[in-house]
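The structure under discussion appears below in the form of structure tokens.
The values are calculated or read from the model by the stated rules, or taken from the named source; none is laboratory data. Since this is a predicted model, take the numbers as computed values, not measurements. Neighbour counts run over all protein chains shown; Cβ positions are idealised from the backbone, glycine included. These area figures cover heavy atoms from the full protein model, side chains too; ligands, DNA and RNA do not enter into them. Shrake-Rupley method; radii C 1.70, N 1.55, O 1.52, S 1.80 Å.
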Amino acid sequence: MRPDHRITAVIIGAGHSGLAMSKRLADGAIDHIVLERDEVASSWLNQRWDSFTLLTPNWQTRLPGCSYEGDEPDGFMTGAEIAAFIQHYADTVRAPVRTGTAVTSVRAADDGYDIVTTEGTWRCRCVALAGGACNVPSIPPFADAVPEAVATVNPLRYRNPGQLPEGGVLVVGAAATGIQLAEEIHSSGRQVYLSVGEHVRMPRTYRGRDIQHWMEAIGRLDDRYDEVEEILKARGVASPQLVGTPERRTLDLNCLTGAGVQLRGRLGAIRDGVALFSGGLRNHCRLADQKLGRLLDEIDEWIGANGLDGEVGPSERPEETQVPSSAPLTLDLTSGEVGSVVWATGFRPDLSWVDLPVFDSSGRLRHDGGVVDAPGVYYLGAPFLRRRRSSFIHGAAADTADLAEHLAAHLAGQV
Ligand SMILES: Cc1cc2nc3c(=O)[nH]c(=O)nc-3n(C[C@H](O)[C@H](O)[C@H](O)COP(=O)(O)OP(=O)(O)OC[C@H]3O[C@@H](n4cnc5c(N)ncnc54)[C@H](O)[C@@H]3O)c2cc1C
């Protein structure tokens, strides 16, 4: 195939990850282009619900060479605000973005790769895959067994409770998205059932500071992918139960059950229109409480070791999660009681356009901290890619620094 263009590096995706990589390559004088099928920051504009706010505070919204400069460092941006921040970043770093250009194939070529797009083909020596790790809802295979009369929706398409048909709602999944949607839908006057598996409980503030302040302080977010045990498990950990509101309130299972949301165990199957839940709800809640206790112990120790006990609020422990003594193990989806199911069961990347032998037998991309198992190919923005903070906006700075350095070494024939 004769390419239409030749360039040293192609970055696929103009979200914050791709743009941060563009800044790194520009700093290293590596010519490149950023190909974007839609528009800059499109995931924040098109794949978030109406009331969405970041769960990371404004002071944590930072990219290489650019941080939040507004007068509400402890506030939380809406989807439109973070999209504007990212667009501003693209303008400031003068990222060479081509919007409306969807990559349909990445293939090996004689001296690198051919990037086939809806607007022609680019031949390059290096590729950065920054198409997003959360662009496809991860939904269990038995979702097909939901009765036809019951509507289903995933968080990338959910906008507000008004779009759901009449009736109760089963929200499946109790990570950040699941608990936020359960609360919003319940507040709209519907009965909500929340299916809870393994989850990560977190208070919004602790000892007077945002929990993210302490996560940064104790170094938890800098845990490295090549130092933790069981990195695959760590990469699958659910997002913490947090919401970003002006009053910085905590949203946990106790708040939800106090308001009238009914908890159920992990959804394991749907048979003959009946949702079947595991009996492990109590265990999952105990485990989350224990893990939270260990995190708070670690924060207390850090505060003590740094002589800050007199400067911050007192050490405290949240009430343990209240679990109903016998949560029903079934919910009949054919009874008319439930009108819709919300699959808040996580997300996964869409890499279907990568036509390279870089996937393992489970379909997972083979990479070592973002250095893909094909020379000159890099991956960005995935959970715990190189550090615990990797999938967050504030994770792009360190990851792109490492990966741009590797890319430059590859071009120089040093790796
Ligand atoms: C519900 C939700 C809440 C989140 N909340 C927070 C939060 O509070 N704080 C935080 O720091 N992080 C949060 N994240 C995590 C993370 O910051 C986002 O997932 C972020 O959007 C990832 O940025 P990215 O640049 O890696 O990918 P994306 O923002 O998804 O950007 C990828 C871009 O690539 C484009 N693209 C994809 N495929 C192609 C192709 N084949 N050809 C051309 N272009 C393509 C897409 O159109 C998109 O614009 C959240 C994620 C989700 C899903």
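Couplings 3J(HN,Hα) for region 100-114, derived from phi with the Karplus relation 6.51 cos²θ - 1.76 cosθ + 1.60 (θ = phi - 60°), are x, 10, 8, 7, 9, 7, 10, 10, 6, 10, 3, 10, x, 9, 9 Hz, where x marks Gly and Pro. Classified by the C-alpha gyration tensor, region 172-211 has an oblate form. Its axis ratio a/c, with a ≥ b ≥ c, is 1.5 or above, and a/b does not exceed b/c. Shape class for region 133-248: oblate, because the ratio a/c of the largest to smallest gyration tensor axis (alpha-carbon atoms, square roots of eigenvalues) is 1.5 or more and b/c is at least a/b. Each DSSP beta bridge with both residues in region 134-265 is either parallel or antiparallel, and the antiparallel ones are about 20%. Protection proxy ranking for 87-98, 260-271, using the average of other Cβ atoms within 10 Å per residue and placing the highest first: 260-271, 87-98.
By the compact-protein rule of thumb, 2.2 N^0.38 Å, the alpha-carbon radius of gyration of the chain corresponds to a ratio of 1.03. For region 206-275, a simple Cβ point-charge model (Lys and Arg +1, Asp and Glu -1, everything else neutral) yields a dipole of about 360 debye relative to the Cα centre. Averaged per residue, the chain has 44 square angstrom of accessible surface, using a 1.4 angstrom probe with ligands and nucleic acids left out.
What shape does region 34-125 take by its C-alpha gyration tensor, where a ≥ b ≥ c are the square roots of the eigenvalues and a/c under 1.5 counts as rounded, a/b above b/c as prolate, and the rest as oblate? Verdict is prolate for region 34-125. Just name one of 408, 130, 270: the one whose Cα is farthest towards the positive end of the charge dipole of the chain (beta-carbon charges, Lys/Arg +1, Asp/Glu -1). Farthest towards the positive pole: 270. For region 329-388, a simple Cβ point-charge model (Lys and Arg +1, Asp and Glu -1, everything else neutral) yields a dipole of about 380 debye relative to the Cα centre.
Solvent-accessible area of the chain (1.4 angstrom probe, protein heavy atoms only): carbon and sulfur portion equals 47 percent. Packing order of peptides 199-210, 365-376, 182-193, 120-131, highest average first: 120-131, 199-210, 182-193, 365-376 (average count of other Cβ atoms within 10 Å over each peptide's residues). Ranking 400, 334, 250 by solvent-accessible area of protein heavy atoms (1.4 Å probe, all protein chains present), from largest to smallest, gives 334, 250, 400. Once C-alpha pairs closer than 8 Å and six or more residues apart are averaged by separation and normalised to the residue number of the chain, the relative contact order reads 23 percent.
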